[in-house]
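Structure record follows, encoded as structure tokens.
Values quoted throughout were computed directly from the atomic coordinates according to the rules given, and no laboratory measurement underlies them. Predicted model, so just to flag it, every value in this text is computed and none were measured. Here the Cβ positions follow ideal geometry from the backbone for every residue, glycine too, while neighbour counts run over all protein chains shown.
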Amino acid sequence: MRSMMFAVATLAFASAASAQQAPAPAVAPISAEMQRTVERLRARALQDDTAWQTVEGLVTDIGPRLAGSDAEARARDWMVARLRAQGFTNVHIEPFTIPFWDATREEAHIISPGAQRLVIAALGGSASTPAGGLEAEVVRFTDMAALQAAAPESVRGRIVFVDERMVRAQDGAGYGVAVAKRGNCAPVAQRLGAVACLIRAVGTDSNRFAHQGGSSRQRESAHLPAASVSPADADILARLVARGPVRVHLDIETVTREDAPSGNVIAEIRGRERPNEIVLLAAHLDSWDLGQGAIDDGSGVAIVSAAARLIRELPRRPRRTIRLLIAGSEETGVFGGAAYARAHANDTHIVAAESDFGAGHIYAFGTRFSEAALPYGRAIQRQLAPLGIIMGPNTADGGADISGVRATGVPVVDLSQDGSYYFDYHHTANDTLYAIDPEDLRQNVAAWTVFAYMAAESDWVFAAPAAAPAATQ
């Protein structure tokens, strides 16, 4: 037995020694000139407030920017003027049209037992209630699976309430699970004979803010009134339903129209040697209209444009073209990203990334590169390390508005932000400048500046491992 134990210990020691001697992952070298430029850019970005000025101006001068609205159109013109003033070239709007939806009334009250108001937000694509609203008993389900398994007789003629909570996570992983009810509640509830659908707000807060969200049209030809209930009011509703029958009066009025004008704002720093090779930096201009659209996605617009501006102000332009895609109408169906992918299908995109997760501190740099290109990703991360950014996995998503180009095989990266508190504000009336930390915003700009410059100045090819399916909003 002792000899067997000795053999096992020896093998374990040999394995550990072998692991210790394993070579470190390869990192592509960079020139001394690039190193000096990166260091200057990084230091300057950490002192630069251009991003704050941009997002502050956007929410102050324009405010909320609902997809397809006059406000979104004013925001496009505002952005064009700002980018031209900052010296970008090829600044223009690429128009497209979308199906428009807006809620003009969104009210709910508990009628019995006792009367009290519920704070709600009509979900994108919701149908209107009959004139004067509707009143019905509420039936509660803990999640979508419970609703899908329900007998029609338990739902028919009632208001469905899906009371599923969202889990808080640094990377926002809880959103994908929780958001499923936002689009699925109405079609499932309609098939079971419900008259309306309410969901617990898709957020991680406990405030009395409802969270907006959804598409310009409901899925599967649903035509059910649907709304999000604030977390605090969802708690009230759940407790009352547990005690006995609850009746709610719901009054939603919406307007829709076809072919509403929208568009993407495009701007460039033209490459000095390889102008047809494009490093694409994206964010979206539209927002929901309860808040000011500061973190979703005014901050992203500010981050990518401020980073590109710092590079544009260098004495010498980078070798490749840096292109800004300030996309329209993302919130109601990723229309801007899809329009860009169609219009620029023949362009040579070297790499793409989108900033659309607020302005939290960036903690990881993820890639979606071929195995041969991973040393380039590690070289970029090495220059991001002074900003507190580690290497992330080679499974980057890139973002909704670049999902169309990603699906064609364009490599993408993620500059992953701390989203621990992002969904406290996301799609609420509290999406204001107060949700942005200026120091974190500058760190974001520094990270994006380093990434964009290194990608545009190098001759690296970041080829993606394989074409990936398009992401959803």
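Listed values (i) 4, 17, 28, 30, 16, 4, 1, 0; (ii) 4, 15, 20, 24, 21, 10, 4, 1, 1, 1, 0, 0; (iii) 4, 20, 27, 21, 14, 8, 4, 1, 0 include one computed from this model; for P(r) over Cα pairs in 10 Å bins from 0, in percent that value carries the label (iii).
Classified by the C-alpha gyration tensor, segment 271-358 has an oblate form. Its axis ratio a/c, with a ≥ b ≥ c, is 1.5 or above, and a/b does not exceed b/c. Working from Cα pairs under 8 Å separated by at least six residues, relative contact order for segment 301-379 is 21 percent.
Treating only the Cβ atoms of Lys and Arg (+1) and Asp and Glu (-1) as charged, compute the dipole magnitude of the chain about its Cα centre; round to the nearest 20 debye. It works out to roughly 980 debye.
Taking the DSSP beta bridges with both ends in segment 103-254, the antiparallel portion is around 60 percent.
Report the gain in length on full extension from residue 390 to residue 346: 0.36 nm times residue separation, minus Cα-Cα distance, nm rounded to one decimal. It would help to have the intermediate numbers written out before the result.
Working: separation 44, 0.36 × 44 = 15.84 nm, distance 3.37 nm.
The residue 390-residue 346 span can extend by a further 12.5 nm.
Along segment 118-127 the Karplus relation, 6.51 cos²θ - 1.76 cosθ + 1.60 evaluated at θ = phi - 60°, assigns HN-Hα couplings of 10, 8, 10, 9, 4, 7, x, x, 4, 7 Hz to successive residues, with x for each Gly and Pro.
Defining a contact as two alpha carbons under 8 Å apart and six or more residues distant in sequence, what relative contact order in percent does segment 318-473 show?
Details: 256 pairs, mean separation 58.4, N = 156.
About 37 percent, as a whole number.
Using the Cβ-Cβ distance between residue 371 and residue 109 with R0 set to 41 Å, the FRET efficiency works out to roughly 0.10. The stretch between residue 407 and residue 272, if pulled fully straight at 0.36 nm per residue, gains 45.8 nm over its current Cα-Cα span.
Gain in length, residue 84 to residue 259, computed as 0.36 nm per residue apart minus the alpha-carbon separation, to one decimal in nm? Intermediate results must be reported in sequence, preceding the final value.
Details: separation 175, 0.36 × 175 = 63.00 nm, distance 2.83 nm.
Stretched out fully, the residue 84 to residue 259 stretch lengthens by 60.2 nm.
Where does each of 107-115, 273-281, 445-453 land if you order them by average Cβ count within 10 Å, highest first?
On the way: 107-115: 15.0, 273-281: 19.6, 445-453: 27.0.
Descending mean neighbour count gives 445-453, 273-281, 107-115.
Amide H contacts of residue 282 (H built 1.01 Å from N, in plane; Pro and chain starts excluded): 325, 353, 354, 355 sit under 5 Å, all sequence-distant by 5 or more or on other chains. Sorting 336-344, 204-212, 23-31 by their mean Cβ neighbour count within 10 Å, with the most densely packed peptide first, gives 204-212, 336-344, 23-31. DSSP bridge analysis restricted to the chain gives an antiparallel fraction near 55%, rounded to the nearest 5. Taken as Cα centroids, segment 446-465 and segment 236-305 sit 27 Å apart, rounded to the nearest whole angstrom. The simple Förster model, with R0 at 22 Å and r as the Cβ-Cβ distance, assigns residue 173 and residue 146 a FRET efficiency of 0.50. Annotation: amide H-H contacts under 5 Å for residue 127 (H modelled 1.01 Å from N, sequence separation of 5 or more, or interchain): 224, 226. By the gyration tensor of its Cα atoms, with a ≥ b ≥ c the square roots of the eigenvalues, what is the shape of segment 103-254: rounded for a/c under 1.5, prolate for a/b over b/c, or oblate? In terms of gyration-tensor shape, rounded. From most to least packed by mean Cβ count within 10 Å, the peptides 416-428, 310-322 give 416-428, 310-322. In order along segment 229-242, the phi-based Karplus estimate (6.51 cos²θ - 1.76 cosθ + 1.60, θ = phi - 60°) of 3J(HN,Hα) comes to 10, 4, x, 5, 6, 4, 4, 4, 4, 5, 5, 5, 4, 5 Hz; Gly and Pro are listed as x. For segment 103-254, the relative contact order works out to 40 percent when only alpha carbon pairs closer than 8 Å and six or more residues apart are counted. Which whole-angstrom value gives the distance between the alpha carbon centres of segment 98-161 and segment 400-418? The distance from the Cα centre of segment 98-161 to that of segment 400-418 comes to 35 Å. Note that segment 28-40 has calculated 3J(HN,Hα) couplings of 5, x, 10, 6, 4, 5, 4, 4, 5, 5, 4, 5, 5 Hz, one per residue in order, obtained from phi through the Karplus relation 6.51 cos²θ - 1.76 cosθ + 1.60 (θ = phi - 60°); glycine and proline are x. Among 248, 123, 189, whose Cα projects farthest towards the positive end of the dipole of segment 103-254, with charges put on the beta-carbon of Lys, Arg (+1) and Asp, Glu (-1)? Towards the positive end, the residue furthest out is 189.
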